[in-house]
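Participant: Take this structure, written in structure tokens, and hold onto it; I'll ask about it next.
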């Protein structure tokens, strides 16, 4: 499975070529999902800017939720980033924790995720 972060979903819907090509490549061999964090961010910030309704968009994905193991991993990510003086957005830390707890690959175009230093976080440039 491959998990898309919010920026990738938006870029895909807007037709950004590199994102569309990359997502399409991964989706041919894997199920595509989002986390509840992305669902929340889409509903909160992007709902009026996308041609289709948010309900249609969200319903086309499997939505991963948090659990105890995701919370533990997110807390470890936070502590590692903080000790190195490299904190990133809290929602991004939670999203990474969910993906890593589920052993899933994350696609993003946010270079801040590189600070986490995990091979299962793929940054599209």
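The values are calculated or read from the model by the stated rules, or taken from the named source; none is laboratory data. None of these values were measured; they are calculated from a predicted model. Note that we place each Cβ from the backbone using ideal geometry, even for glycine, and neighbour counts take in every protein chain shown.
Every residue, every condition in (1) at pLDDT below 95; (2) loosely packed, with under 15 Cβ neighbours inside 10 Å, yes or no:
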{"site": "50", "(1), (2)": "yes, no"}
{"site": "55", "(1), (2)": "yes, yes"}
{"site": "67", "(1), (2)": "no, yes"}
{"site": "76", "(1), (2)": "no, yes"}
{"site": "81", "(1), (2)": "no, no"}
{"site": "84", "(1), (2)": "no, yes"}
{"site": "95", "(1), (2)": "no, no"}
{"site": "99", "(1), (2)": "no, no"}
{"site": "105", "(1), (2)": "no, no"}
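Participant: If residue 10 satisfies every condition in (1) surrounded by 21 or more Cβ atoms within 10 Å (Cβ to Cβ); (2) at pLDDT 90 or above; (3) over 19 Å from residue 120 (Cα atoms) but one, which is the exception?
Facilitator: All conditions are met except number (2).
For (1) part of a helix (DSSP H, G or I); (2) in contact (Cβ under 8 Å) with a residue 60 or more places away in the chain, each residue gets a yes or a no:
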site	(1), (2)
11	yes, yes
21	yes, no
26	yes, yes
33	no, yes
39	yes, no
